[in-house]
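Engineer: The structure that follows is given in the form of structure tokens.
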Amino acid sequence: MAAFRVRCEEVLTDQTFAGWTVGRYLEHVNASDALRNAFVLPRAMGSFPMPDKAPHDMPIDELVRFWLIHGIVGSIPANRHTVVGGMHRYVESLTPVLKAAGADIRCNTRVFKVLRLEEKVEVHVNSADDKSAILTTDFVLFTIHARNALPLVADDTEPEEASALTAFKIQRARVVVHHDPALMANEHDQWGAFNYVAPDGNWPAVRPTITFYLNRLGRLSEDVPDTFVTMNPFREPSPETVVSDGYLVHPVGIGGTAGRNAISGLEKIQGQRRTWWAGSYIRSPHVHESAWASGRIAAEMLLSWCNEFSACSESKSNVEDLESLISTGSSDDERPGVEKRAVPTTFLKIKPSRLLHARRPRVI
Ligand SMILES: Cc1cc2nc3c(=O)[nH]c(=O)nc-3n(C[C@H](O)[C@H](O)[C@H](O)COP(=O)(O)OP(=O)(O)OC[C@H]3O[C@@H](n4cnc5c(N)ncnc54)[C@H](O)[C@@H]3O)c2cc1C
């Protein structure tokens, strides 16, 4: 297992493995039954950006990239970033910056149509109290999944844009917040922040399936009752323990050549018709850092467009300001021998990172 954890990084650097599935790679490395059934396959089924396929058929490059950032595999500590003080601090800190720049922030407002015209963009919105409005802007930056953006631009999209957007995959997942320990291991000391199912014969019918143990993940205080979030429950939590039960859609890692083609298709339409695109769906492994990195890249492209055309000169806020919110860390790195770094409690300047300083979206 230790050798596999280091060796599997090769699928990201060696083109031989482009488009390989998990099953093919396991054959290639002559994986033992124990490695397959106790480590790779259950964890593959519990990796949330993976497609709802048998684990053997999942793309190996997407899986390894996702595991690398979680410290499950790899020869160096995971390159994770943390918003100091919790994710709500990001919104708290960003709001005054935007307001000072003259931003009109509208919460609980759904965008239902976007029309890109010759010299402006019309954003059609509907607020929570059911009031509709048309906002006129210089440009639009979509930060929702491409598939969800497609209906919003359906009235004025063109074939190249439509085909770039449909190249990305989306998947529906049931997510249940509950207090039922029956979805966890019998022994409390075996409870991790992320908990996988290792079935004895019967594989879960819907994937990915995983249970997040929020008390450990969020380092909640001891008086908070054990709370779990199960994605696609493999067994029903007791109804009286359920706090919420709903569905969401999330990006799916495509991997291989198809994944690279999807990204280059989007690169071609970036900035066309006053429209930019960002979101974790564009960058593997589809976690928060991916969303941040793609947003930063889109912001840089936008600022350069603004400077070039002086179309929106008052929007030149500095993306560097936001970096002070983020701290590097690998608090969930679980490999033996890797020192766990504490999450700092003060704002720190971010260290250079291969994720954040990439100039253009591409598979890394
Ligand atoms: C179950 C689960 C667990 C996860 N756990 C982790 C984890 O532990 N660590 C991690 O790094 N990542 C995790 N992720 C992935 C992470 O949540 C995503 O990568 C990240 O949230 C994507 O950010 P985003 O900004 O691209 O999109 P989103 O977070 O999806 O933001 C898009 C926003 O746009 C809004 N929106 C959508 N349509 C409209 C519309 N028409 N009008 C107005 N607003 C609209 C949405 O409400 C949403 O707020 C998890 C994902 C899932 C599904």
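Engineer: R0 = 30 Å: FRET efficiency of residue 27 with residue 75, Cβ-based, nearest 0.05?
Structural biologist: 0.85
Engineer: If you plug each phi of the range 75-91 into the Karplus form 6.51 cos²θ - 1.76 cosθ + 1.60 with θ = phi - 60°, what whole-Hz ³J(HN,Hα) values come out, in order, with x for Gly and Pro?
Structural biologist: Per-residue couplings from phi come out as 9, 10, x, 5, 9, 8, 10, 10, 7, 5, x, x, 5, 5, 5, 5, 5 Hz.
Engineer: Search the structure for amide H atoms under 5 Å from the amide H of residue 46, placed 1.01 Å from N in the peptide plane, and list their residues when 5 or more places away or on another chain.
Structural biologist: For residue 46, whose amide H was placed from the backbone, the distant partners under 5 Å are 209.
Engineer: Which residues among the range 190-230 fall inside the zone where the amide N is under 17 Å from a point 7 Å beyond the Cα of residue 179, along Cα→Cβ?
Structural biologist: In the range 190-230, the label zone of residue 179 (backbone N under 17 Å from the point 7 Å along Cα→Cβ) covers 213-216, 220-230.
Engineer: What number does the range 179-321 give for Rg over Rh if you use C-alpha atoms and the Kirkwood radius?
Structural biologist: 1.12
Engineer: Looking at the range 94-163, which trypsin sites (Lys or Arg not before Pro) are DSSP coil and have at most 11 other C-beta atoms within 10 Å of their C-beta?
Structural biologist: In loop regions of the range 94-163 (DSSP not H, G, I, E or B), the sparsely surrounded trypsin sites (Lys or Arg not before Pro) are 131.
Engineer: Summing +1 for each Lys or Arg and -1 for each Asp or Glu, what net charge is found among the other residues whose Cβ lies under 13 Å from the Cβ of residue 233?
Structural biologist: Within the 13 Å Cβ shell, the charges total 0.
Engineer: Give a residue-ordered list of calculated ³J(HN,Hα) values for the range 202-210 (Karplus: 6.51 cos²θ - 1.76 cosθ + 1.60, θ = phi - 60°; whole Hz; x for Gly, Pro).
Structural biologist: So the J values, rounded to whole Hz, are 8, 7, x, 6, 10, 10, x, 10, 7.
Engineer: Just need log10 I(q)/I(0) for the range 2-69 at q = 0.13, 0.18, 0.23 Å⁻¹, Debye formula, equal scatterers on the alpha-carbon atoms, no solvent, rounded to two decimals.
Structural biologist: Log10 I(q)/I(0), no solvent term: -0.30, -0.59, -1.03.
Engineer: While we're here: So, counting K/R as plus one and D/E as minus one, what does the shell of residues with Cβ under 12 Å around residue 64 add up to?
Structural biologist: Once all neighbours under 12 Å are counted, the net charge is -1.
Engineer: Something else: At a Förster distance of 51 Å, what's the computed FRET efficiency of residue 160 paired with residue 99, Cβ-Cβ distance as r, to 0.05?
Structural biologist: That pair, residue 160 with residue 99, gives E of 0.90.
Engineer: Given labels modelled 7 Å from the Cα in the Cβ direction, how far is it in nm from residue 257 to residue 219?
Structural biologist: In this crude spin-label approximation the distance works out to 4.6 nm.
Engineer: While we're looking at this one, here's another question. For each of 306, 107, count neighbouring Cβ atoms within 10 Å of the residue's Cβ, then give the residues from fewest to most.
Structural biologist: Going from sparsest to densest Cβ surroundings: 107, 306.
Engineer: Around residue 194, which amide H atoms from residues at least 5 apart in sequence, or from another chain, sit under 5 Å from its own amide H, with H modelled in the peptide plane?
Structural biologist: 213
Engineer: So, one more: Quick one: which residues, 5+ away or cross-chain, put their amide H under 5 Å from the amide H of residue 141? H built at 1.01 Å from N.
Structural biologist: 276
Engineer: Taking just the C-alpha trace of the range 170-249, give me its Rg and Dmax in Å.
Structural biologist: In order Rg, Dmax, the Cα atoms of the range 170-249 give 12.5, 38 Å.
Engineer: Right, next: Report the gain in length on full extension from residue 144 to residue 129: 0.36 nm times residue separation, minus Cα-Cα distance, nm rounded to one decimal.
Structural biologist: 3.2 nm
Engineer: List the trypsin sites (Lys or Arg not before Pro) in the range 1-91 that DSSP assigns to loop (not H, G, I, E or B) and whose Cβ has at most 16 other Cβ atoms within 10 Å. Which are they?
Structural biologist: 53
Engineer: Given R₀ = 45 Å, FRET efficiency for residue 267-residue 202 by Cβ-Cβ distance, to 0.05?
Structural biologist: The calculated FRET efficiency here is 0.55.
Engineer: Spin-label point model (7 Å from Cα, Cβ direction): what's the residue 242 to residue 229 distance in nm?
Structural biologist: Those two pseudo-labels are separated by 1.8 nm.
Engineer: Hey, another quick one. Over 29 Å between C-alpha atoms is what I'm after, so list which of 99/131; 120/268; 53/113 land there.
Structural biologist: In this structure, 53/113 lie more than 29 Å apart at Cα.
Engineer: Pop a pseudo-label 7 angstrom from the Cα along the beta-carbon direction at both residue 137 and residue 14 and give the gap in nm to one decimal.
Structural biologist: Result: 4.5 nm between the two label points.
Engineer: Could I ask something else about it? So, with +1 on the Cβ of K and R and -1 on the Cβ of D and E, and no other charges, what is the size of the charge dipole of the range 2-69 about its Cα centre, to the nearest 20 debye?
Structural biologist: Approximately 180 debye in magnitude.
Engineer: Enumerate the calculated ³J(HN,Hα) couplings along the range 13-28 in order (Karplus 6.51 cos²θ - 1.76 cosθ + 1.60, θ = phi - 60°), each rounded to whole Hz, writing x wherever the residue is Gly or Pro.
Structural biologist: Karplus-based 3J(HN,Hα) across the range 13-28 equals 10, 9, 4, 3, 8, 4, x, 6, 8, 4, x, 5, 5, 5, 4, 4 Hz.
Here, each number is a calculation from the coordinates, and none is a lab measurement. Predicted model only: the values in this text are computed from it and were never measured. So basically every Cβ, Gly included, is an ideal-geometry build from the backbone, and we count neighbours across all protein chains shown.
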